[in-house]
Amino acid sequence: MLMPSALYASVDKYLHGLFGLANDPAAEVRKLVCAAFVQLIEVRLSVLEPHMKNVIEYMLQVNKDTDDEVALEACEFWVQGIVLEQDNIDPMIYA
């Protein structure tokens, strides 16, 4: 999966928007934020590297979300981390 060039050019604004929505009261929004972080770790880990500590802390928080779908989506982040680790890329090194 490739990241569209327009998104790559605006990735800082995109990340700022994601972090702004991270604690939205709507579970569907939080679920989509989790999905976006999972997609970024799959597609372009390098854009998350400077923010990895905050992303990891957020994912730990939403793993305990009262909405099961949000918590499940957050679990995908850890699954993707295992896949990257098997490819000899350790995303947790940035924590």
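Here is the figure for segment 26-58: residues that are touching an Asp or Glu at 6+ places or on another chain (Cβ under 9 Å) and open to solvent by 50 Å² or more (accessible area, probe 1.4 Å) total 2.
Would it be correct to say that Ser10 is open to solvent by 20 Å² or more (accessible area, probe 1.4 Å), under 14 Å from Gly81 (Cα atoms) and at pLDDT below 95? Steps first, answer last, please.
Details: open to solvent by 20 Å² or more (accessible area, probe 1.4 Å): yes; under 14 Å from Gly81 (Cα atoms): no; at pLDDT below 95: yes.
The answer is no for Ser10.
The values are calculated or read from the model by the stated rules, or taken from the named source; none is laboratory data. Here the structure is a predicted model, which means the values were calculated and not measured. Glycine also receives a Cβ, built like all others from the backbone with ideal geometry; neighbour counts cover every protein chain displayed. Accessible surface is based on the protein model in full, side chains and every heavy atom, while ligands, DNA and RNA are left aside. Shrake-Rupley method; radii C 1.70, N 1.55, O 1.52, S 1.80 Å.
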